[in-house]
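The values are calculated or read from the model by the stated rules, or taken from the named source; none is laboratory data. Everything numeric in this text was worked out from a predicted model, so none of it was measured. Don't worry about glycine lacking a Cβ; one is built from the backbone with ideal geometry, like all the others, and counts go over all protein chains shown.
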Amino acid sequence: MRIMQSSHEGQLSKYTNVMKGWQPRWFIINSELGTLEYFVLNEDNNKKRRPKANIHLEGAVISPSDEDSQTFTVNSANGDMYKLRATDAKERQQWVNKLRSVAEYHTLLTAHKNPPLPPREQRSTTPMPTPAANYYQQEFQSTLLRAQQRVMYNNSSVYDAFSSVREFLIRCEYNQQALAREIELLPSSGSNLTCLDSDLLLLKAASQATILCMEQCLSILQQQQHQANSYMQTGVPGGIATELIQDRSQFINTLTDLKINPLSTTPIQPQCKPLSTQVEPSLKIPEPVINSDDEIADDEIYSDSDMDCAEDDHKSVILHLLSQLKLGMDLTRVVLPTFILERRSLLEMFADFMGHPDIFLKIADAGSPELRMFAMVEWYLTSFHVGRKGSVAKKPYNPIIGETFSCSWKVSNESAGDIDYPVKITYLAEQVSHHPPVSAFYVECPEKGMCLNAHVWTKSKFMGMSIGVNMIGEAILYLTKLEEEYVFQLPSAFARSILTVPWVELGGKVTISCTKTGYTTVIIFHTKPFYGGKLHRITAEIKNPQNNIVCRIQGEWNGVLEFIYSDISQGETKVIDTNKLSVATKLVRPLDKQADFESRKLWQLVTECLKKGDIESATDHKRLLEDCQRAEERERLQLNQSFINRYFSPKDDAWVYRDLLIKRKIAY
C-alpha cells in the first residue's frame, strides 16, 4: 500500500506539563511501525538522534480542537495523549489526515490477524451427545482440569457476546450508510434543508467516526481475549486445590493468594503476595488502616541525620553508572545503587513535610481570606526543610505499586481554648501507579474541617553532574467550613555534586490560588548560578483579587524567611527562622501491627541492613522486592488484569481519595 511507502515529518508545537506551555518539537510519523515519534530541537541534525518519546497509533484517536484551527490531540490506545499545534489550519489537516490513515491501517492490520467471529446463525450449534459428555466428565476428574473446563465455558459466553456486538455494529453501519445517502441526495442550495447544513454534516461525520471507533475497540478486545485464552491453555501451575472455584476470576485470585511473602529471604525465583485488593473499588471502600490506639512515637532507626558522605569505594560504582547514562536520559527505569538510599520510602518523605502541624492548622483559624492565604504560604514555605533528613542528599525508596504509609500527629487545640484536648491530623499515602510512578496522599483534620488531597508523578532526569526530579501533579487543600479550595504544586528537586558530597536544592515556579477568594501567590525557587549567587533562595508575591501585591517574601526555604506585608501596619515585617521551629514527632504503628503492604514492613530488611552498613545484604533484599514487582506486573499483563488500588481512584488527570472529608456529613 502507498501508506507504507513514505513517512511524514515536520515541526509542531507540543504542550508539555513540565514547562507548562508550548514547546517546539520535531515529529515523524513512522508509517511502517505505526508510531508517532518526536525529537527535541536542540541541534541541527535531529534525525540522527534517538527520539525522545513515541506512541503507537494502533487504535489511536486523532481529534482536531474546536477552540481554534491549529490545535489537535493524539490519544493512543494505552492512554497516552499528545496535545499538538500546527502553524495553520491547512497544516493541521495534513497531519490529521496522515495520522488517521496510519492509525486506521495498523488497526485494520491487527483486526485482520484476529478476524471477528461470524454471526451465531452461521456457526455450528450441534450439541455434544450425552455419552460423550459423560465420558468428558469422567476423563477430567482432577480439580485443576475442572477449573479449566469452567474457563472454557466462560470463554464461549464471551465469544457469543462478541458475535452479538458484531451483528449490532453491522446493522448500525448499514443504517449509517443509508443516512449518509439521504443527506447527499438533499439539494445543495435553497431555503429548505440542504446537504451542506452544518448540523447534518456533523451528524454524518460523528456517526461514521463513532461506528469506526467501536469496531476498532471490538477488534482490540477480541485480540486481548485471545491472548488471555492462549495463556490459560498453555498450562497452569500444578498443585493447586480448586475444588470450590466457581468462575475464572475466583480461579485467578486463588492462584495469586497461594504465593509467598515478598519479604522471604529464600533465594528462589521471586514469588510475591499480591499487593492489590481483589474487590471492585466502586463496590466497597476498604476500611482505614490507621488505628490511632496502636500508634507510638517515631523510631529513630528511620532518622538519617547521621548519614555519611559517599565513600571512595562507592565512587567507582557511581562513575561506572554515569558512563552508562546520557544527558537528559529518563532515570525512571534505571536501578540506582543501594548505598545512595535513605532509610524511608518516598511515601513517608511526603509525610515528613507535615512536620509543622501547628502552622498547618492556623490556616483554618485565620479570620479573613487574606490572612488565610498568608497562613497557607507560611505553612507551605516552612514545610520543605522538614522533609530533608541530614545535610547529604540521598534518595528515598521507590515505592512498590500498592504500597501504603499512614501516620498521624496530635496538636494542642490552642485556638479552641482547650490545651488538654488534642487535635488529630491523619495522613495516608498510596503508590497508585508504577509506570509512570505516581504517589497519592491524603491529609485530614475533621475538627478543623481541613483535608488535603495530592498526587505527584516523580520524573527523574540525568543532567551531567546532577540529577533533576520534576514533581508533576498538584495538591488541593479544602477548608470545608468555608468552602474554600487552595490549589498548589511542588517545586522540582535537584541533587548536585553527585560525585563528591551530594546536596539538594529546589527550583522552579509554583502557584497557590484560591478561586473563591481570588487570592493568588507566585513562588520562585531560585537555583544557584554557576558563578556567585546564594543557595536555597526563594522570592514570592501574594496578590489580592484586585491584583495588588499585599505581601512580598524573600529568604531561604531552609533558613530565614522574611514576610513584608503591604497593608498591615504600613509595611510590617515578619521573620521566621525555620531552623528554630519545633518539629512534631509523627505517630506510627509498630512493625508487628503493620500489614505486609505498608512501607516500613515492606522495606524492613532493607532498612535494617542500611542501618548496620551492610550494603550487600540491603541490595539483595531490595532486588527481591523489585523482582517481585516485575513478576506481578508480567502476570497481570498476561492475565489482562489491571491493578486495583485501595484508597485512591483516578479522576480525569488526578488521583482522588475515595472518602474525602468534604463528602462526609460531620457534625463539627
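Within the range 602-619, track down each residue that is touching a residue at least 40 places away in the same chain (Cβ under 8 Å) and surrounded by fewer than 21 Cβ atoms within 10 Å (Cβ to Cβ). Within the range 602-619, 604, 605, 608, 611, 615, 619 meet the criteria. Residues in the range 470-523 that are assigned to a loop (DSSP other than H, G, I, E, B), within 16 Å of residue 452 (Cβ to Cβ) and in contact with a strand residue (DSSP E or B) (Cβ under 8 Å, 6 or more places away or on another chain): 480, 489, 490. With respect to being over 27 Å from residue 641 (Cα atoms), surrounded by 13 or more Cβ atoms within 10 Å (Cβ to Cβ) and modelled with pLDDT under 80, residue 140 fits the description.
Exactly one residue out of 437, 529 is free of Cβ contacts under 8 Å to residues at least 12 places away in the same chain and either out of contact with any helix residue (DSSP H, G or I) (no Cβ under 8 Å at 6 or more places or on another chain) or polar (S, T, N, Q) (or both): that is 529.
Restricting to the range 470-494, what's the tally of residues that are over 22 Å from residue 437 (Cα atoms) and either under 16 Å from the mean Cα position of the chain (by Cα) or of a type in the set (A, V, I, L, M, F, W, C) (or both)? Give the derivation first.
Residues of the range 470-494 over 22 Å from residue 437 (Cα atoms): 477-486.
Now drop any that are not either under 16 Å from the mean Cα position of the chain (by Cα) or of a type in the set (A, V, I, L, M, F, W, C) (or both), which leaves 477, 479, 482.
The number of residues fulfilling the criteria is 3.
Residues in the range 615-668 that are part of a helix (DSSP H, G or I) and among the β-branched types (Val, Ile, Thr) were compared, and the one that is nearest to the chain's Cα centre (by Cα) is 662. Return a yes/no flag: does the range 161-169 have any residue that is within 30 Å of residue 218 (Cα to Cα), at pLDDT below 75 and part of a loop (DSSP other than H, G, I, E, B). The answer is no; no qualifying residue exists.
The requirement of being in a loop (DSSP other than H, G, I, E, B), within 30 Å of residue 637 (Cβ to Cβ) and modelled with pLDDT of 80 or more is fulfilled somewhere in the range 66-79, by at least one residue.
Mind telling me which of the residues 591, 561, 610 ends up being modelled with pLDDT of 90 or more and not acidic (Asp, Glu)? Of 591, 561, 610, the one residue that is modelled with pLDDT of 90 or more and not acidic (Asp, Glu) is 561. Looking only at residues in the range 637-652 that are closer than 25 Å to residue 406 by Cβ and not hydrophobic (A, V, I, L, M, F, W, C), the one that is modelled with the lowest pLDDT is 642.
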